[in-house]
Amino acid sequence: MTCASRIAGVVLALLAMQPAQAAPAPVPPPPDQPVIDCARPVYAIDTMICDDRDLGAANAEMGGLLAGLSFVGLDPDWIEPQADWVRRRALCAFQPDGRACVADAFAERLAILRALRGTGGASATKARCSGANWPKDVVAVERRPSAVLLRGAGGGVRVVAVVPGASSWRPFVAIERDTGRQFVVKAKAARISCKIAPAAR
C-alpha cells in the first residue's frame, strides 16, 4: 500500500467517525393569532399589513369586531373559523399579488364579522332555498353592498357570501350567480340556490 493510499484511508476513517449533521429544524407555522399585534410583528405578512395604512386599519377593525364574539353554534362548512381564515390569509405572502390578496381577504372577513355583529344591516326578505349540506332553517335573505346574508328562522346569520375579487384570494363562500330574484352561493363542496319570495300585495 502506498503512502497516499494510507493517508486516504485514514481520512476516510476519520470522516466516518464524525457524527452526522442533524437536519435543520422545520420553520414553525405562524401562530393562530386572531389579530396581528403591530407592535410586535413576527412574519413578513404581519409587516406588510402593519406598514400599510388601509390593511392596518382593516386589521384593527377586525380586532374590535372579534372582541367577545363567539362562533359557537355556527356551521364551519358555511362560516369559516377565524383560525382557518388566518392560515389561508398567510398564504397570500406567496402570491404575486400579495397585497391585493390580503385586501380581498380582509374585505371578506370584515363583511362576515359585521354581519355576525349585526352592524350595517338592512331588512331581510323571505326566500326559498335548496341545496346539499346546507343550513335547513334558512328562510330569509339580506342583501348588503359587499355581501349576501342567509338568515335562519330566528334571525341568526347562517351563511355570508361575497362576490369574488380580482385577486388570487378565493372567498370561503362566494356568490356564483345573482339575477336579482334568484342567486346561487358556493362553498367548498356545496351550493345553495335561493329564490326571493315575491313581495306581498
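Here, each number is a calculation from the coordinates, and none is a lab measurement. Keep in mind that what you see is a predicted model, and the values were worked out from it rather than measured.
Assorted remarks:
- In terms of its Cα atoms, the stretch 44-196 spans 45, 32, 24 Å along the principal axes, sorted from long to short.
- Relative contact order for the stretch 92-201, counting Cα pairs under 8 Å that sit 6 or more residues apart, in percent: 24
- Dimensionless Rg/Rh of the stretch 40-117 - Kirkwood Rh, Rg from C-alpha atoms: 0.96
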